[in-house]
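The values are calculated or read from the model by the stated rules, or taken from the named source; none is laboratory data. Everything numeric in this text was worked out from a predicted model, so none of it was measured. Using ideal geometry, Cβ is built from the backbone for each residue, glycine included, and neighbour counts are taken over all protein chains shown. Calculation scope for accessible area: heavy atoms of the full protein, side chains included, ligands and nucleic acids excluded. Shrake-Rupley method; radii C 1.70, N 1.55, O 1.52, S 1.80 Å.
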Amino acid sequence: EIELILATTEALAALGLKDLTVRLNDRRVLTAMVAHCGFDAARAGSVFIALDKLDKIGADAVAAELREAGHPADAAERLLALLGRATTPAALRELLGAGAEAAVWTALQRILDTVTGQAAGRFRLVFDATLVRGMGYYTGPIFEVQHGDSTSSIAGGGRYDRMVGRFIGRDIPATGFSIGFERVIGLLLERGSSHEGDGDRIALVFDETMDLAPVLALARDLREQGHPVLLETRAKRMGKQLQDLETRGFRRIGVMGADGTVEWRGTRTGTAGEAGA
């Protein structure tokens, strides 16, 4: 987990994404919290699903969803109150008592201490008792990476020791980190990458039913010339779409025709024109 967190943040930083926060938790800690608060252990998955929405819908809505799902109202209240006090693994461990094995807390603290020592101002690592990672196959530490003020993650993962064994018949320890490719590319185009060079930012708008070969060929040529290129399918209100693209800093916008021709718009060219793909 330590190597994965460091490798992933180094890769993202190398792309120009500097304002990174890594959130860390452990599914065994979550399980201990659910049991401590009085939920039915057999329905822990249902509690996790509701809790996973906390940063999006708020505490009151999560409590309401838990009650609607048939969970005890007092258990929901205890859980949300517990989360408000669980600022560090040590604080949460004291609140839970013997809820999770000592080795779980030791491993979690070791990740925090070691990674924080290696971060060197490149990113922040924080313990977050509300982090769930919706996939039910996680068995240990879980983590997500956020950029800037966004609440959406651009990368995430965790330990899933029992998954490989389902396919090969014997347990294999495993942990992994995945990067949201589309989200990262979107951030680089929106905010600008340190590797973009001096080329104008270009957007190519095309109909999703058309042959993609000329669109991809033109995008490749433009990128080889040093231009960051965004591909977007044509919206119903194309006028607003073009206006939004200009607002986002795309100085040239190419509207692709079905025959592969391009109508250029934007501040770079001043007037519309046509060019072959």
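Of the conditions (1) modelled with pLDDT under 90; (2) more than 30 Å from Arg223 (Cβ to Cβ), Tyr160 fails just one. Which one is it?
So Tyr160 meets the others, but not (1).
It is to be established whether one or more residues within region 41-51 are closer than 20 Å to Val126 by Cα and at pLDDT below 90.
No, because not a single residue in region 41-51 is closer than 20 Å to Val126 by Cα and at pLDDT below 90.
Looking at Lys53 and the list (1) more than 21 Å from Asp149 (Cα to Cα); (2) under 17 Å from the mean Cα position of the chain (by Cα), which single condition is not satisfied?
Unmet condition: (1).
Out of the residues in region 126-153 that are charged (D, E, K, R) and within 12 Å of the chain's Cα centre (by Cα), state the one that is most open to solvent (accessible area, probe 1.4 Å).
Arg133
So Thr9 fits all but one of (1) free of Cβ contacts under 8 Å to residues at least 24 places away in the same chain; (2) open to solvent by less than 40 Å² (accessible area, probe 1.4 Å); (3) under 20 Å from the mean Cα position of the chain (by Cα); what number is the exception?
(1)
With Ala41, Ala59, Ala64, Ala35 as the choices, which residue is over 19 Å from the mean Cα position of the chain (by Cα) and open to solvent by less than 40 Å² (accessible area, probe 1.4 Å)?
Only one candidate qualifies: Ala64.
Of the residues Val104, Val22, which is at pLDDT 95 or above and surrounded by 13 or more Cβ atoms within 10 Å (Cβ to Cβ)?
So the residue among Val104, Val22 that is at pLDDT 95 or above and surrounded by 13 or more Cβ atoms within 10 Å (Cβ to Cβ) is Val22.
With respect to Thr87, is the statement that it is in contact with a strand residue (DSSP E or B) (Cβ under 6 Å, 6 or more places away or on another chain) and without any contact (Cβ under 8 Å) to a residue 60 or more places away in the chain true?
No, not satisfied.
So Arg85 passes all but one of these: (1) of a type in the set (Lys, Arg); (2) out of contact with any Leu (no Cβ under 7 Å at 6 or more places or on another chain); (3) surrounded by fewer than 19 Cβ atoms within 10 Å (Cβ to Cβ). Which condition number does it fail?
(2)
In region 120-131, which residues are of a type outside the set (D, E, K, R) and in contact with a helix residue (DSSP H, G or I) (Cβ under 8 Å, 6 or more places away or on another chain)?
Matches in region 120-131: Phe123, Leu125, Phe127, Ala129, Thr130.
It is to be established whether one or more residues within region 43-50 are free of Cβ contacts under 8 Å to residues at least 24 places away in the same chain and at positive phi.
First, the residues of region 43-50 that are free of Cβ contacts under 8 Å to residues at least 24 places away in the same chain: 44, 50.
Filter again for at positive phi, leaving none.
Looking for residues that are free of Cβ contacts under 8 Å to residues at least 24 places away in the same chain and at positive phi, one finds none in region 43-50, hence no.
For region 56-74, check the following and say yes or no: at least one residue is at pLDDT below 90 and of a type outside the set (Asp, Glu).
Checked against the condition, which is being at pLDDT below 90 and of a type outside the set (Asp, Glu), region 56-74 yields at least one hit.
Considering each residue of region 45-76, count those that are in contact with a helix residue (DSSP H, G or I) (Cβ under 7 Å, 6 or more places away or on another chain) and closer than 27 Å to Ile179 by Cα, and give that number.
Final tally of qualifying residues: 6.
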